[in-house]
Amino acid sequence: KPTHFLGGVDLDESVTLVGTEPFWNILFGDGRMVFSSPDSHVGQTTTTPFILTGAGAEWHGKDMDIYLTAGRCSDGMSDRGYPLKAVVHIGSSVLKGCAGQTAIIHPASSS
């Protein structure tokens, strides 16, 4: 099985995208893509992987397009740095944020 790495992130494993103003996040992995924001929570099953391109990686759903590029990214709210920059197109809206491996952003609790 080919692996898809971008900026040290394994795109075949769970990836989390986060943004502020407005706050939003996308959890992408295990065959699902879930978008959450204060006024929206949409999940869909997806078997489509990220596609590596010369510029980075992208994913296209029925009403959403995600573009990832390698590069240090800050969410502007915390000191946390992310390895990827994210741009998400939903209809006519464009959301900008950061992305990284879910296991690093949301490590499983030790308890």
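The values are calculated or read from the model by the stated rules, or taken from the named source; none is laboratory data. A quick note: this is a predicted structure, and the numbers were derived from the prediction, not measured. Positions of Cβ are generated from backbone atoms using ideal geometry, with glycine treated the same way; all protein chains shown enter the neighbour counts. Side chains included, ligands, DNA and RNA excluded: accessible areas come from the protein's heavy atoms. Shrake-Rupley method; radii C 1.70, N 1.55, O 1.52, S 1.80 Å.
May I ask you to give the solvent-accessible area per residue for the chain, in square angstrom, as obtained with a 1.4 angstrom probe?
Spelled out: the 1.4 Å probe surface of the chain, per residue, equals 59 Å².
Would you mind classifying the chain by shape? Square roots of the alpha carbon gyration tensor eigenvalues, ordered a ≥ b ≥ c; an a/c under 1.5 is rounded, otherwise it is prolate if a/b is larger than b/c and oblate if not. Walk me through the intermediate numbers first.
Working: a/c = 1.17, a/b = 1.01, b/c = 1.16.
Rounded, because the longest to shortest axis ratio a/c is under 1.5.
Using the Cβ atoms and a cut-off under 14 Å, what net charge is assigned to the surroundings of LYS96, where Lys and Arg are +1 and Asp and Glu are -1?
-2
How large, in percent, is the carbon and sulfur part of the accessible surface of region 3-81 at a probe radius of 1.4 Å?
Ligands and nucleic acids excluded, carbon and sulfur reach 52 percent.
Karplus couplings for region 9-14 from phi (6.51 cos²θ - 1.76 cosθ + 1.60, θ = phi - 60°), rounded to Hz, Gly and Pro as x?
3J(HN,Hα) across region 9-14, in whole Hz: 9, 7, 6, 8, 9, 4.
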